[in-house]
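K.L.:
First, the structure itself, so that you have it in front of you.
The values are calculated or read from the model by the stated rules, or taken from the named source; none is laboratory data. What you see is a predicted model; the values in this text were computed from it and never measured. Using ideal geometry, Cβ is built from the backbone for each residue, glycine included, and neighbour counts are taken over all protein chains shown.
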Amino acid sequence: MPLDKYRAANLENWNDRVPIHWESDGYNIRQFIDDPEHISDVVQFDLDHEELGDVAGKSLLHLQCHIGHDTLSWARLGANVTGVDFSEAAILACNRLSAESGTPGEFVVADLYESPTVLPDRQFDIVYTGIGAICWLQDIKGWAKVVAHFLKPGGTFYILEIHPMVGSLSVDDHNGQLVLDWPYFESAGPQGYDERQSYTGTGEVAHTRQYNTPHGLGETIDALIQAGLILDFVHEHQLAPNKILPMHQPAGKGFWKMPDGRENDLPLMHSIKAHKPE
Ligand SMILES: C[S@@+](CC[C@H](N)C(=O)[O-])C[C@H]1O[C@@H](n2cnc3c(N)ncnc32)[C@H](O)[C@@H]1O
């Protein structure tokens with residue numbers, strides 16, 4: 001099925017980002033290959049905060065897996081991993097990372113909404129996603145149906161994602177104050193913008209156009225409930241996975257925070273754990 005203009009532009013942009021991210025310090029691919037004990041900062045965050053729990057021996061599907069750094073980190077913790085992404089370049093990078101690091105994983109090219117057709121008759125103990133994933137999707141209810149489709153009865157869904165509140169803020173050029181600049185709710189539809197550099201702050205993409213669709217936290221939670229999942233927790237975190245706002249300061253272990261004081265009273269990520277009834 002042909003992609004609509006928003007997904008087509010996003011796909012060109014994400015294909016361009018793959019070699020840039022592979023070489024970047026932020027993804028630290030060289031260390032992942034050289035050190036069999038190394039796991040990504042994002043997966044380490046989950047361990048430090050005891051969020052997803054033990055994955056050993058479980059089948060894990062990573063939706064929008066990008067270059068597989070997080071996916072294969074779960075594999076290093078004992079999960080049998082499958083990653084899905086609509087970028088063929090990203091899936092090639094996943095397979096290369098798997099081979100060069102000696103970490104097993106299955107990787108498949110599929111648009112999120114078509115992945116149930118591309119991976120027929122498959123269900124998993126865990127469905128995992130996040131860190132800049134759902135903003136690329138236009139229909140959060142359709143996404144939640146895909147999540148529920150892939151879960152075994154009793155299976156666990158877990159997402160650690162950039163908070164939608166941060167996505168709606170910008171910094172005023174004149175006074176440095178945070179201002180509400182972008183929509184918060186999905187009804188606003190895809191929001192187009194151009195950016196030459198990815199969040200790694202390295203390289204330049206040829207295809208600068210990209211479209212994000214906002215999803216309010218309530219919309220995401222409600223979509224999961226409507227898809228039949230039962231919530232275990234919803235957490236809001238004061239750490240960000242990259243320098244999203246110009247005033248963000250390093251917080252250690254690859255994460256970023258707002259400056260101390262009143263401004264720090266802002267959620268930067270959220271995590272949701274839910275399960276499919278038996
Ligand atoms: C920021 S990455 C998230 C992965 C992971 N957090 C990371 O940073 O490595 C976003 C991923 O979503 C993928 N993506 C965007 N739209 C998609 C769609 N409609 N279907 C499947 N994948 C999509 C992109 O190719 C990209 O790899």
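K.L.:
Picking from Ile126, Ile134, which residue would you name as being within 16 Å of the ligand (Cβ to nearest atom), of a type in the set (A, V, I, L, M, F, W, C) and over 30 Å from Leu245 (Cβ atoms)?
P.N.:
Selected residue: Ile126, the only one of Ile126, Ile134 that is within 16 Å of the ligand (Cβ to nearest atom), of a type in the set (A, V, I, L, M, F, W, C) and over 30 Å from Leu245 (Cβ atoms).
K.L.:
Just to be sure, is Ile159 over 19 Å from Val55 (Cα atoms), modelled with pLDDT of 95 or more and aliphatic (A, V, I, L, M)?
P.N.:
no
K.L.:
Next question, about the same structure. Residues of the stretch 25-59 being at pLDDT 95 or above and among the small types (Gly, Ala, Ser), which ones?
P.N.:
Within the stretch 25-59, Ser40, Gly53, Ala56, Gly57, Ser59 qualify.
K.L.:
I've got another one for you. Could you please let me know if Glu37 is outside any helix (DSSP H, G or I) and under 24 Å from Lys243 (Cα atoms)?
P.N.:
It is false that Glu37 is outside any helix (DSSP H, G or I) and under 24 Å from Lys243 (Cα atoms).
K.L.:
Looking at Ala79, Ala9, Ala75, can you tell me which residue is of a type in the set (A, V, I, L, M) and within 14 Å of the ligand (Cβ to nearest atom)?
P.N.:
Being of a type in the set (A, V, I, L, M) and within 14 Å of the ligand (Cβ to nearest atom) holds for just one of Ala79, Ala9, Ala75, which is Ala9.
K.L.:
How do the strands (runs of 3 or more DSSP E) wholly within the stretch 163-278 filter down when requiring 1 or more residues that are of a type in the set (Asp, Glu): which remain?
P.N.:
Once the strands (runs of 3 or more DSSP E) in the stretch 163-278 are filtered for at least 1 residues that are of a type in the set (Asp, Glu), what remains is 191-194, 230-237.
K.L.:
Can you give me the number of residues within the stretch 199-237 that are under 22 Å from Asp181 (Cβ atoms) and modelled with pLDDT under 95?
P.N.:
Residues flagged as under 22 Å from Asp181 (Cβ atoms) and modelled with pLDDT under 95 within the stretch 199-237 amount to 2.
K.L.:
Residues of the stretch 37-72 being within 11 Å of the ligand (Cβ to nearest atom) and out of contact with any strand residue (DSSP E or B) (no Cβ under 9 Å at 6 or more places or on another chain), which ones?
P.N.:
Selection gives Ser40, Val43, His69.
K.L.:
When only residues in the stretch 82-102 that are surrounded by fewer than 20 Cβ atoms within 10 Å (Cβ to Cβ) and of a type outside the set (Gly, Ala, Ser) count, which is farthest from the ligand (Cβ to nearest atom)?
P.N.:
Out of the qualifying residues, it is Glu100.
K.L.:
Can you tell which of Ala79, Ala90, Ala110 is among the aliphatic types (A, V, I, L, M) and closer than 22 Å to Thr200 by Cα?
P.N.:
Ala90
K.L.:
Across the stretch 199-217, which residue is surrounded by the most Cβ atoms within 10 Å (Cβ to Cβ) among those that are among the polar types (S, T, N, Q) and touching an Asp or Glu at 6+ places or on another chain (Cβ under 8 Å)?
P.N.:
Once the filter is applied, the top-ranked residue is Gln210.
K.L.:
Specify the residue that is surrounded by the most Cβ atoms within 10 Å (Cβ to Cβ); the eligible residues are those in the stretch 218-241 that are touching a Phe, Trp or Tyr at 6+ places or on another chain (Cβ under 7 Å) and over 15 Å from Pro164 (Cβ atoms).
P.N.:
The qualifying residue surrounded by the most Cβ atoms within 10 Å (Cβ to Cβ) is Leu229.
K.L.:
While we're here: Taking the condition of being under 20 Å from Met269 (Cβ atoms) and assigned to a helix (DSSP H, G or I), how many residues in the stretch 40-86 meet it?
P.N.:
Number satisfying all stated conditions: 13.
K.L.:
Could we say that Gly83 is touching a Cys at 6+ places or on another chain (Cβ under 6 Å), closer than 21 Å to Ile272 by Cα, modelled with pLDDT of 95 or more and not polar (S, T, N, Q) here?
P.N.:
yes
K.L.:
State the number of residues belonging to the stretch 95-124 that are in a helix (DSSP H, G or I) and either in contact (Cβ under 8 Å) with a residue 60 or more places away in the chain or touching a helix residue (DSSP H, G or I) at 6+ places or on another chain (Cβ under 7 Å) (or both).
P.N.:
Looking only at that region, the number is 9.
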